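This report refers to the structure that appears directly beneath it.
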Amino acid sequence: QTMDHGETFMPHTDGGLRSYILNYLVQTGGDNVILRWYHENNKPLLRNLEPRIQRWTEDNLRTIHEVTFVPGDWTLLNGKVIHSINGVTGLRISLSVAFTHQQFIAFKQRYQLSLK
C-alpha cells in the first residue's frame, strides 16, 4: 500500500469481508503521520455497512484514539471502525494483509497472539 505527497485517507471504513487489517509500516510518509479512530455520534462503533466503503467528514465524529507510528511497527486494526490517516507529506509505504473475522480468530489462536 502506498500513499504519496499529501494524500490523506479521510475517515472511512474498509469494505467487503476485510474486517481485520495487519499493517507493517515500511516508511511513514512524513514526520507527523497520525492514524485516528473515530466514533460517530449515536451510532455503533463497528460499522458493517453497504456500500462496502463509507466515507465521512469529521463534523459528526469524535476521535477515540490516535497514534503515530515509526517504520518497523506492526498495527492490527478493525477496518469496520471508522479510521483515517492524516499528515502524509511524502511517500508512505506499508504492507497490508486483510483477514475476515474467522481468518483472524484462527490466526490469533494458531500463533497465540495477545493483543493490547
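The values are calculated or read from the model by the stated rules, or taken from the named source; none is laboratory data. Values in this document were obtained by computation on a predicted structure and should not be read as measured data. Quick reminder, even Gly has a Cβ in these numbers, built from the backbone with ideal geometry, and neighbours come from all protein chains shown. Surface accessibility is based on the protein's heavy atoms, side chains included, excluding ligands, DNA and RNA. Shrake-Rupley method; radii C 1.70, N 1.55, O 1.52, S 1.80 Å.
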Of 63, 75, the only residue that is at pLDDT 90 or above and either in a helix (DSSP H, G or I) or of a type outside the set (D, E, K, R) (or both) is 63
Of the conditions (1) surrounded by fewer than 13 Cβ atoms within 10 Å (Cβ to Cβ); (2) farther than 16 Å from residue 23 by Cβ; (3) free of Cβ contacts under 8 Å to residues at least 40 places away in the same chain, residue 115 satisfies every one except a single condition; which number is it? (2)
State the number of residues belonging to segment 27-43 that are surrounded by 15 or more Cβ atoms within 10 Å (Cβ to Cβ) and either under 15 Å from the mean Cα position of the chain (by Cα) or assigned to a strand (DSSP E or B) (or both). 9
Out of (1) in contact (Cβ under 8 Å) with a residue 60 or more places away in the chain; (2) surrounded by 13 or more Cβ atoms within 10 Å (Cβ to Cβ); (3) under 17 Å from residue 1 (Cβ atoms), the one residue 95 does not meet is (2)
Filter segment 65-77 for residues that are among the β-branched types (Val, Ile, Thr) and within 13 Å of the chain's Cα centre (by Cα); which is nearest to residue 18 (Cα to Cα)? 75
Quick check on my filter: what residues within segment 1-10 are open to solvent by 20 Å² or more (accessible area, probe 1.4 Å) and assigned to a strand (DSSP E or B)? 2, 9, 10
Can you pull out the residues in segment 98-111 that are in a loop (DSSP other than H, G, I, E, B) and open to solvent by 70 Å² or more (accessible area, probe 1.4 Å)? 111
The lone condition residue 48 fails out of (1) open to solvent by 30 Å² or more (accessible area, probe 1.4 Å); (2) part of a strand (DSSP E or B); (3) touching a Lys or Arg at 6+ places or on another chain (Cβ under 7 Å) is (2)
Just need a number here: residues in segment 11-26 that are surrounded by fewer than 17 Cβ atoms within 10 Å (Cβ to Cβ) and among the small types (Gly, Ala, Ser). 2
Only one of 67, 88 is β-branched (Val, Ile, Thr), out of contact with any helix residue (DSSP H, G or I) (no Cβ under 9 Å at 6 or more places or on another chain) and surrounded by fewer than 13 Cβ atoms within 10 Å (Cβ to Cβ); which? 67
Residue that is farthest from the chain's Cα centre (by Cα) [pool: residues in segment 78-97 that are aliphatic (A, V, I, L, M) and in a loop (DSSP other than H, G, I, E, B)]: 91
